[in-house]
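Reading through the structure tokens given below for one structure.
What follows draws every value from the coordinates through simple rules; no lab data is involved. Just so it is clear, the structure is predicted and the values come from calculations on it, not from any experiment. Note that each Cβ is placed from the backbone with ideal geometry, even for glycine, and that neighbours are counted across all protein chains shown.
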Amino acid sequence: MPSDVAKPVEPTPPPAATETSPPAATAEATPASAEAAPAPASAEAAPVAPPAPEPEPLPPRQGSPLNDAALDQLFRSARTQYGWTGASVSDEDLRAIFDLMKWGPTSANSSPARFLFIRTQSAKERLRPALSSGNLQKTMLAPITVIVAYDPKFYDYLPRLFPHTDAKPWFTSNPELGQETAFRNGTLQGAYFIMAARALGFGVGPMSGFDNAKVDAELLSDRGWKSNFLVNLGHGDPAAEKPRGPRFWFDESCLVL
Ligand SMILES: Cc1cc2nc3c(=O)[nH]c(=O)nc-3n(C[C@H](O)[C@H](O)[C@H](O)COP(=O)(O)O)c2cc1C
């Protein structure tokens, strides 16, 4: 069945315990089976066979698999967008995407990504000189171009975002770790942004073909943020999509030890 056809999905049962399941029998996990055990036999009662051992409790699941229509929208049918319908993207849409994106995990909950949404023609003109020629037209026509940036001084917010420990000195005492953490987690949040936008029905076109230093100087310097990559955001025109590129097979990219 082609991946862009929604298939009815039966609810998936929880996985059976396997050798690869993490050990789950903990002191906290046992009371239920203890309650279910038969009452102790009295001295007069005939001996009975011990009850069959309870199966090991399964680790708690984080949720159920999304249905195929959702997986198609997020991954299998989702395509990088290069052209746009006339449909606009509202401020409420941007907030809705952000409010999903923000729940993605970052190290020490550092949340270093910052997002500058470019919508107006005048703001687009400030971006124009930094764009590579191949990225110019689609960016100028996109309803929104997102500058996915990061705050190199993300650690200033750790007392609020990670209050149960004093994490700020981890990064102020080690600038290299601070930069690495800002970039790694800012990139992750950019990816969460892409998936949040797709989850809400928008099309995205990420781009790294631009001059970061020019963008930083023109649009980010007052806040000290650094640009990472750009994302055109809107409702994609399928006619402008490029042929789907192949992907690696599992065995080419993965090892299981
Ligand atoms: C971080 C990043 C940077 C990219 N930079 C550019 C770019 O500068 N210009 C461009 O046309 N496409 C760019 N792309 C688009 C990729 O080529 C595209 O996402 C990839 O080929 C997969 O296409 P598909 O989603 O349609 O399968 C970029 C994608 C990512 C994720």
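Observations, loosely collected:
- Test for residue 181: is it touching a strand residue (DSSP E or B) at 6+ places or on another chain (Cβ under 8 Å), part of a helix (DSSP H, G or I) and under 30 Å from residue 158 (Cα atoms): no
- With respect to the conditions (1) part of a helix (DSSP H, G or I); (2) at positive phi, residue 201 lacks only one, and its number is (1).
- The set of residues in region 215-230 that are of a type in the set (Asp, Glu), in a helix (DSSP H, G or I) and out of contact with any Ser or Thr (no Cβ under 7 Å at 6 or more places or on another chain) contains only 218.
- Among residues that are among the hydroxyl-bearing types (Ser, Thr, Tyr), closer than 30 Å to residue 86 by Cα and within 16 Å of the ligand (Cβ to nearest atom), residue 253 is not included.
- Residue in region 146-157 that is part of a helix (DSSP H, G or I), of a type in the set (Val, Ile, Thr) and touching a residue at least 12 places away in the same chain (Cβ under 8 Å) present: no
- Out of 227, 173, sole residue that is over 24 Å from the mean Cα position of the chain (by Cα) and either within 13 Å of the ligand (Cβ to nearest atom) or of a type outside the set (Val, Ile, Thr) (or both): 173
- Any hit, region 162-176, residues being surrounded by 22 or more Cβ atoms within 10 Å (Cβ to Cβ) and assigned to a helix (DSSP H, G or I): yes
- Breaking point among (1) more than 14 Å from the ligand (Cβ to nearest atom); (2) in a loop (DSSP other than H, G, I, E, B); (3) surrounded by 18 or more Cβ atoms within 10 Å (Cβ to Cβ), for residue 64: (3)
- Among the residues of region 89-143, those identified as within 15 Å of the chain's Cα centre (by Cα), surrounded by 16 or more Cβ atoms within 10 Å (Cβ to Cβ) and assigned to a loop (DSSP other than H, G, I, E, B) are 104, 106, 110, 111, 112.
- Of the residues making up region 217-232, those that are of a type outside the set (S, T, N, Q) and either in contact with a Phe, Trp or Tyr (Cβ under 9 Å, 6 or more places away or on another chain) or more than 12 Å from residue 150 (Cα to Cα) (or both) are 217, 218, 219, 222, 225, 226, 229, 230, 231.
- When restricted to residues that are touching a Ser or Thr at 6+ places or on another chain (Cβ under 6 Å) and either more than 12 Å from the ligand (Cβ to nearest atom) or closer than 27 Å to residue 171 by Cα (or both), region 183-214 contains 2.
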